[in-house]
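A short worksheet on the structure shown next.
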């Protein structure tokens, strides 16, 4: 599967996903996987915790095509809110290396990143028990237990990007060990 990154007007991503899928069905009689990555964030308002859906990368979306299908640039160009498909310096449109890994990570989670569960012990590293951060190739830069957020750094488009994601934090008492997770528990 090939992946591409589309730069578009911020705020019109959901409408553009609908229009691109519709155009692909109408013109080429095929389904197109277009994902606008979002995240579920824990947000406290007036002392009450709520889950809020926010864009992960505002103004960007990913397009996934089978290997044998050429990229339909004419469909992208006819949409007013689609600015351009990102290119590498050699002119290629298809995502490569770390960018492709990140796009596939988003695809594997359906474009919606839910809060991960992490275990935190004072003075030690953070261990991710489950959720999207468990299989991510990035590093946890900062853990904010008060706001239930974590700052994650990952490589995208040749630069390290920092993204805030929600986490459920489990504090361990002094002397308590990080629980071991059996793979069979999640199957």
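Bear in mind these aren't lab numbers, they're just calculated from the coordinates by the rules spelled out. Because the structure is predicted, anything quoted here is derived from the model rather than measured. Cβ sites come from the backbone with ideal geometry, for glycine too, and all protein chains shown count toward neighbours.
Given R0 = 25 Å, the distance between the Cβ atoms of residue 147 and residue 9 translates into a calculated FRET efficiency of 0.25. Computed log10 I(q)/I(0) for region 1-113 at 0.12 Å⁻¹: -0.45, from the Debye equation with unit scatterers placed on every C-alpha and solvent omitted.
Modelled this way, with points 7 Å down the Cα-to-C-beta line, the labels at residue 67 and residue 94 are 0.9 nm from one another.
Take the Cβ atoms of residue 1 and residue 160, set R0 to 22 Å, and the FRET efficiency comes out at 0.30.
The alpha carbon centroids of region 89-107 and region 1-74 are separated by 15 Å. At an R0 of 30 angstrom, the distance between the Cβ atoms of residue 43 and residue 86 translates into a FRET efficiency of 0.50.
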